[in-house]
Protein chains: 2
Amino acid sequence: MTGTTLDDYTDRYARRVRGMTASEIRALFAVASRPEVVSLAGGAPYIAALPLDAVGEMLGRLGSEHGVTTLQYGIGQGTLELRERICEVMALSGIDAGCGASPEDVVVTVGGQQALDLVARLFLDPGDVVLAEGPTYVGALGVFQAAQAQVAHVPMDADGLIPEALEAAIADLARAGRRVKFLYTIPTYQNPTGVTLSEERRERVLDICERAGLLVVEDDPYGQLGFEGDAPAPLRARRRDGVFYLSTFSKTFAPGLRVGWILAPHAVRDKLVIANEAQILCPSGYAQAAVATYLGTMPWRQQLKVYREVYRERRDALLDAMADLMPEGTSWTTPAGGLFVWATLPEGLDSKAMMPRAVAARVAYVPGTGFYADGTGTGTMRLNFSFPPPERIREGVRRLAGVMEQEIAMRRVFGAVGGGAAGRRGQAGSDVPGPDLA
Amino acid sequence: MTGTTLDDYTDRYARRVRGMTASEIRALFAVASRPEVVSLAGGAPYIAALPLDAVGEMLGRLGSEHGVTTLQYGIGQGTLELRERICEVMALSGIDAGCGASPEDVVVTVGGQQALDLVARLFLDPGDVVLAEGPTYVGALGVFQAAQAQVAHVPMDADGLIPEALEAAIADLARAGRRVKFLYTIPTYQNPTGVTLSEERRERVLDICERAGLLVVEDDPYGQLGFEGDAPAPLRARRRDGVFYLSTFSKTFAPGLRVGWILAPHAVRDKLVIANEAQILCPSGYAQAAVATYLGTMPWRQQLKVYREVYRERRDALLDAMADLMPEGTSWTTPAGGLFVWATLPEGLDSKAMMPRAVAARVAYVPGTGFYADGTGTGTMRLNFSFPPPERIREGVRRLAGVMEQEIAMRRVFGAVGGGAAGRRGQAGSDVPGPDLA
């Protein structure tokens, strides 16, 4: 399973990494997916925490007892049954009938990725600009790139997107005559940083976008995975209009079913359905029935608590290990939920150049550059804590810290550690064996 | 289930029908989906012919025993296991290793629709021209429209696409300075006509496209559903290069799982995978495991025979009833496989204008105009025989023939029957009750 997750990531990541060839990266990740490697690189939920026997029984009945419906074609918007259940899920976060949420305006998608792709398809023309946090979700960068749009990153701090920076970016782009289509934001337990946009900033960000006439695309896969009480209400809970709310069951139930959704502004709901039909005809009836039945008959709220507990324990393991083991000069975020911690390395370290040595030391992470459209992020990395158990996380951090210490020592000896090639030359004089790039 | 299928069709069709508002069409199809209406309008396979108990048992085990893999993320290209099984399926039609088919070049998609959408996304720019049979699959028209491409129809006869007409269309478009990107064709048991491109024409069509430097996008959802021996080998079995081969398990197993595929020319396989990832991240691991396990452990070749038998019997029921009951001047195709018959009405009848009266008489079909990008097809309709049982098919034809006889009689009395409004006015003086468009 770790293998699958890493393989999955390889191709996407390979295309976003500069300075290494795709085949080098592919080989690297192939090595990184070996069981002896502690992978902090993935983004996979811990499926083993699900009651798989009960889930399997449910899935079986959906075929044997309801196959003539679930295995047949369905409608492009998704089943009403699931859209109603989705509204129950959103209501937990405060997106309810009171703020205009209705099954009428929900469009079921193939995971959160297709939700994003549909919005991009509807709104983006080549040359358009999308504003997004820097760093942001690598899959969103892929969507915007496919749409030939350009991403302008807005800096973040520990409270999320910086409103003043957003205002400045909008003004700069207006002066430059660029057409900005929307703000893409993951306000809660962000991927890749784990950071949450503060209560106060949520209102300011919405006001700024409203004044600028900018749509907001709110991506919220992690919002119900908080470890320290509830997150601030989603942006969509605060505004009826101008916000697309995107989410998915990939983190709270099962990514392998590929079920996500968009709560769309009513005026564009039909257009999204048309686009969905042109793309996939209809979402899987079977997968929709699986999610709807899971939500309708199984203790999903209890399961959310299980996930929160599991992930909180693993986050703590990661943060504790980092506090104990990381070299001086390393800093990191302290997420209150989600799956990721974002680390900034001591001055001069290059997470991409270091990756082959890390894998050789049997630990993997995702170098930070993949999460930026502009090539920055060299000294950063994303660490996942949802998948490996706590003791493996601690062992991974121990290995990673060791590699970093050696990098720092090498820098002292050789001046600076360059890109991949320079790094590999450097290995001759170090204790780190060369990675198997065969 | 009939309801689902019709509902599904409603939205797509509503947007392609001129002269009636979307809400009129929606209301019409809502009525048409009532159980008392014989629907010859769908395109749904007869799922009840599957061994649903065994399928359900298999689906259950994929969750309970293999959930940690099947419910997890996967890779963008699709699992190797399924891609290998897909190659076994294609080999049945002659697309085998000998002509360069390999799991390496298979990309798993969300049904055949996403396969088509990915190819369109890769190749089409606004203003491009796509050549396609006239009539052609309504969902393909949606894809090309979404890509802002224009469709130029190539006429067909009983042997499929007419090569001389294809040559002429290519020459005309070249003279007009238009950029033609590919020929989209469903050569075997075509949707909507049921017609098959003859052996001899297959080579000629390929030669013409080769000479013109045109890619061929071969859509083959029905090729294994032949009633009279094997169909001529697919175009992809005849040429290694220049042919995209698209297919799906929607007609041979279960559309509700949404699993299709592209066998791509090797040179563009990577680009398709990138596009697939940008769109959906990865296909459903669970659905892929379901199809792969179905193909690996269940008697799917035997099941194909069951489908062929069921559909042959229903086709015969449709053709026999048409021969017995259709008014003089009606003609229709005689499909050797697939799901559809295409009928051409007696001179002067308008299948779209007649639709409300047909639904009032408790029979539904799809008016032919939806299958053309250019508004032609007024006097034609598509009739499905895969879903309703033979006795219902016969009853449906009886009702349809009755409506047509009345239309013909009305034409004699009133001159010509106009569009929907004129048709409704005409009802006051006819025996056909007005449709419930509430």
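The values are calculated or read from the model by the stated rules, or taken from the named source; none is laboratory data. Because the structure is predicted, anything quoted here is derived from the model rather than measured. No Cβ is skipped: glycine too gets one built from the backbone with ideal geometry, and neighbour counts run over all protein chains shown. Each accessible area value is taken on the protein alone, full model and side chains, heavy atoms only, with ligands, DNA and RNA left out. Shrake-Rupley method; radii C 1.70, N 1.55, O 1.52, S 1.80 Å.
Structure above, values below:
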| read-out | value |
| --- | --- |
| The range A:109-207: trypsin sites (Lys or Arg not before Pro) in DSSP loop, at most 15 other beta carbons within 10 Å | A:ARG178, A:ARG179 |
| Label point 7 Å beyond Cα along the C-beta direction, distances from A:SER331 to other copies (nm, shortest first) | 7.9 |
| Cα centroid separation, the range B:309-361 to the range A:282-330 (Å) | 54 |
| C-alpha long axis of helix A:52-64 to longest principal axis of chain A, angle in ° | 40 |
| Candidates per GluC sites (Glu not before Pro) in the range B:203-260, loop by DSSP, up to 13 other Cβ within 10 Å | B:GLU228 |
| Count of lysine pairs in the protein assembly as shown with Cα separation under 20 Å (8 or more residues apart, or interchain) | 4 |
| Formal net charge of residues neighbouring B:ALA321 (Cβ-Cβ distance under 12 Å; K, R +1; D, E -1) | +1 |
| Backbone HN-Hα couplings from phi across the range B:279-286 [Karplus 6.51/-1.76/1.60, Hz, Gly and Pro as x] | 7, 9, 6, 7, x, 4, x, 5 |
| Normalised convex hull volume, the range B:137-231, alpha-carbon set, Å³ per residue | 95 |
| For chain A, alpha-carbon Rg and Dmax in angstrom | 21.8, 69 |
| Nearest 10 degrees, 0 to 90: helix B:300-325 Cα axis against chain B principal axis | 20 |
| Solvent-accessible heavy-atom area per residue, rounded to whole Å², over chain A at 1.4 Å | 34 |
| Amide H within-cut-off set for B:VAL180, under 5 Å, with H built and near neighbours excluded | B:VAL129 |
| Length-normalised contact order of chain B in % [C-alpha pairs under 8 Å, at least 6 apart] | 22 |
| B:VAL413-B:ALA323 FRET efficiency (beta carbon distance; Förster radius 22 Å; 0.05 resolution) | 0.20 |
| Among B:ALA353, B:PRO367, B:GLY338 - extreme Cα towards positive end, dipole of the range B:295-412, charges at beta-carbon | B:GLY338 |
| Phi-based couplings in Hz for the range A:371-380 (Karplus 6.51, -1.76, 1.60; Gly and Pro marked x) | 9, 10, 7, 10, x, 7, x, 3, x, 10 |
| Accessible surface, 1.4 Å probe, highest first, among residues A:THR334, A:THR185, B:THR333 | A:THR334, B:THR333, A:THR185 |
| Distance cut-off 17 Å, percentage of C-alpha pairs in the range B:92-202 lying past it | 61 |
| Chain B, accessible surface, carbon-and-sulfur percent (1.4 angstrom probe) | 51 |
| Cα Rg, Dmax, the protein assembly as shown, angstrom units | 28.4, 101 |
| Tilt relative to chain B, helix B:390-414 - C-alpha long axis, 0 to 90 degrees, to 10 | 40 |
| Prolate/oblate/rounded label for the range A:244-317 (Cα gyration tensor, a/c 1.5) | prolate |
| Anisotropy class of the range B:191-346 from Cα gyration tensor, a/c 1.5 cut | oblate |
| 3J(HN,Hα) from dihedral phi, the range A:96-102, Karplus parametrisation 6.51/-1.76/1.60, rounded to Hz, x for glycine, proline | 10, 4, x, 9, x, 6, 8 |
| Value of [θ]222 nm, deg cm²/dmol, for the protein assembly as shown, DSSP H segments ≥ 4, -39500 (n - 2.57) each, nearest 500 | -14500 deg cm²/dmol |
| At q = 0.09, 0.13, 0.14 Å⁻¹, base-10 log of I(q)/I(0) for the range A:52-297 (Debye sum, equal scatterers on each alpha carbon) | -0.38, -0.78, -0.90 |
| Other-chain or far-sequence residues with amide H under 5 Å of B:VAL195's (modelled H) | B:GLN190 |
| Label distances, nm, B:THR376 versus same residue in remaining copies, Cβ-directed 7 Å point | 5.8 |
| Nm distances between copies for A:ALA176, ranked from closest, using label points 7 Å along Cα→Cβ | 4.0 |
| Axis-nearest residue in chain A [Cβ, rotation onto B], distance in whole Å | A:GLY60, 1 |
| DSSP-loop GluC sites (Glu not before Pro) across the range B:282-378, with at most 14 other Cβ within 10 angstrom | B:GLU328, B:GLU347 |
| Between the range B:197-256 and the range A:377-400, the Cα center-to-center distance that results, in Å | 49 |
